[in-house]
Structures are given as C-alpha cells and as structure tokens.
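The values are calculated or read from the model by the stated rules, or taken from the named source; none is laboratory data. For clarity, every value in this text was computed on a predicted model and none was experimentally measured. Here the Cβ is made from the backbone with ideal geometry for all residues, glycine too, and neighbour counts use every protein chain on show.
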Amino acid sequence: MSAELPPAREVRSGFLLGLGCVVALVLGALAFFGRQQAGVPRPGEAARAVAAKTVRTNTGHPVRSSAKLQLDEAGNILPDAPELGPKVLADLVNVKFAELQALAEELGCADKSRLFGFSASAEKALEEMMKDPRWKQLGQEIDALAESWPEANQEERQVILDRTSAFWDQGIIEARRRLSALR
C-alpha cells in the first residue's frame, strides 16, 4: 500500500492556518500580560495625584487616599516603643517555659501526667543543672531582677526583659544538652 501525498495547496493552507493561530496566540498573550495597569506607575515614575479617584464607603465618607498626601521629611518621628506593662515579664517566662516543655517533648522526656510535664529523669536532670553554682547564681540574679520589675522604669524594664530572655535562652541550650544525654 502506497501512501498518497496530499496536494501542495492543502499542505500550504494547513501550514498558514497553523502559523496564523500561533501568531494570534502570541499576540493575545502579549496583549494580556504586557498590558500596563491604569493606576500603577511605571518603575522610576511618580504616581500622579490627579489620577486618584475618591472612593465612597457605605457611610458616605470618602476613604482617605495617599495619592494627595504631602510628606514632610522634618516631621517624620519614630513612634515610641510599646509600654512594658506589669505582665510582660510573666508572659516572657511563660513563653520560655513552654519552649522548654516543647524541647522535653521533642527529646522524649515529657510526661503530661506530672506537674510540670517533665518525666522524672528529666526533672532530676534539670534540678541537677540548677544546683550547679553558675546556674544557681544566674537564677538568683533573675529572681532579684524580677522583684525589681514593679518599681522599674521603662528602660530598666527593657534591660530586665533582655537579661531574663538571655538567661532562659542559655538555660534551654543547656537543658537540650543535658536532656539529650538521657537518651
């Protein structure tokens, strides 16, 4: 059986039709993806205040737009740091203790039925750690800082918070080392 060759005219028209479809597809994609958005300025171009439209909310008040905003470099003032209230230190200690409990759980030293959630061997290892003179002294320092928290001003409270956080971070690192040895 011999294969018949199609006439040259049909091949040419099929080729041209396919080429036309590809060109149309490419032009359509360029038109869709290459289109600039109306309200978006091009790189290196400033947004125009004239192009800003006022949008009304349900209550009828116009939404504040930044298009007409005039900024003054001299008036830029950094906001004050948030006030460190009476519960911030306790919240930090709770977060760090939760990290310690998660570490114990990760290392397989957790026991949810016990008071603090540590197994007996993990509790013993942590107690031994806190009996070490270095950790005992650091613990006493942190306790003294915690007692001074209520009377401390904002700068002193930040120092107390940073020192307590550093103590807990060091303690968690040491606890990881000691609890890993229990495996």
Inset, instruction - Take ALA67 and decide whether it is modelled with pLDDT under 90 and of a type in the set (Gly, Ala, Ser). - result: yes
Inset, instruction - Filter segment 120-137 for residues that are crowded, with 17+ Cβ neighbours inside 10 Å and hydrophobic (A, V, I, L, M, F, W, C) and give the result. - result: ALA122, ALA125, LEU126, MET129, TRP135
Legend entry - Flag if ALA98 is modelled with pLDDT of 90 or more and surrounded by 10 or more Cβ atoms within 10 Å (Cβ to Cβ): yes
Legend entry - Verdict on PRO43 being modelled with pLDDT under 65 and in a loop (DSSP other than H, G, I, E, B): yes
Legend entry - Selection count where residues are exposed (fewer than 13 other Cβ atoms within 10 Å of the Cβ), part of a helix (DSSP H, G or I) and out of contact with any helix residue (DSSP H, G or I) (no Cβ under 9 Å at 6 or more places or on another chain), scope segment 138-176: 9
